[in-house]
1. Of all residues in the range 52-106, which are among the aromatic types (Phe, Trp, Tyr) and under 15 Å from residue 30 (Cβ atoms)?
2. So, of the residues in the range 88-98 that are under 16 Å from residue 15 (Cα atoms) and touching a strand residue (DSSP E or B) at 6+ places or on another chain (Cβ under 6 Å), which turns out to be surrounded by the most Cβ atoms within 10 Å (Cβ to Cβ)?
3. Residues that are more than 27 Å from residue 103 (Cβ to Cβ), without any contact (Cβ under 8 Å) to a residue 40 or more places away in the chain and of a type outside the set (A, V, I, L, M): find the strands (runs of 3 or more DSSP E) completely inside the range 1-93 holding 1 or more of those.
4. Report yes if residue 85 is farther than 20 Å from residue 10 by Cβ and over 13 Å from the mean Cα position of the chain (by Cα), otherwise no.
5. Within the range 28-52, can you find the residues that are hydroxyl-bearing (Ser, Thr, Tyr) and surrounded by 13 or more Cβ atoms within 10 Å (Cβ to Cβ)?
Amino acid sequence: MWDAVDQYGYIPHNKLAIVTAKNWSIGEYKNCTSPNISATQDEPQIDCSSYSELGESKKFEVRFYGKTFREDLKNVSFSWRCKKNDGADPTFTCDEQKVFKWDEKN
């Protein structure tokens, strides 16, 4: 039961993560993505920059509502809705996780 609750994002996980973003105001939400790869399961990498602005990568504490790595899923990325918090850890909170399958033709 706890595994299912955790899988659907009801249990928060705080992790140090590499966040790529630019011009992010306190209280602002951004759409972010992270790859589901084992190499980043202990230190996730989330990209919150848009195509029009290349962001800078920095390490922050992030609270994730959903697992940042799932061994049962292959060739997928996660999308998140992330908010920059007001000056306290965790710096960011990411929720509303969705799974996207990679195009296997590429």
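Values in this text are rule-based calculations from the coordinates and carry no lab data. If you're wondering where the values come from, they're calculated on a predicted model, not measured in any experiment. Neighbour counts are summed over all protein chains in view; Cβ atoms, including those assigned to glycine, are modelled from backbone coordinates with ideal geometry.
1. Scanning the range 52-106 gives 60, 64, 78, 80, 92.
2. Per the criteria, the residue is 94.
3. Values: elements: 12-21, 29-35, 45-47, 56-65, 76-84.
Once the strands (runs of 3 or more DSSP E) in the range 1-93 are filtered for at least 1 residues that are more than 27 Å from residue 103 (Cβ to Cβ), without any contact (Cβ under 8 Å) to a residue 40 or more places away in the chain and of a type outside the set (A, V, I, L, M), what remains is 56-65.
4. On the way: farther than 20 Å from residue 10 by Cβ: no; over 13 Å from the mean Cα position of the chain (by Cα): yes.
It is false that residue 85 is farther than 20 Å from residue 10 by Cβ and over 13 Å from the mean Cα position of the chain (by Cα).
5. Just the residues of the range 28-52 that are hydroxyl-bearing (Ser, Thr, Tyr), to begin with: 29, 33-34, 38, 40, 49-52.
Selection gives 29, 33, 34, 40, 49, 50.
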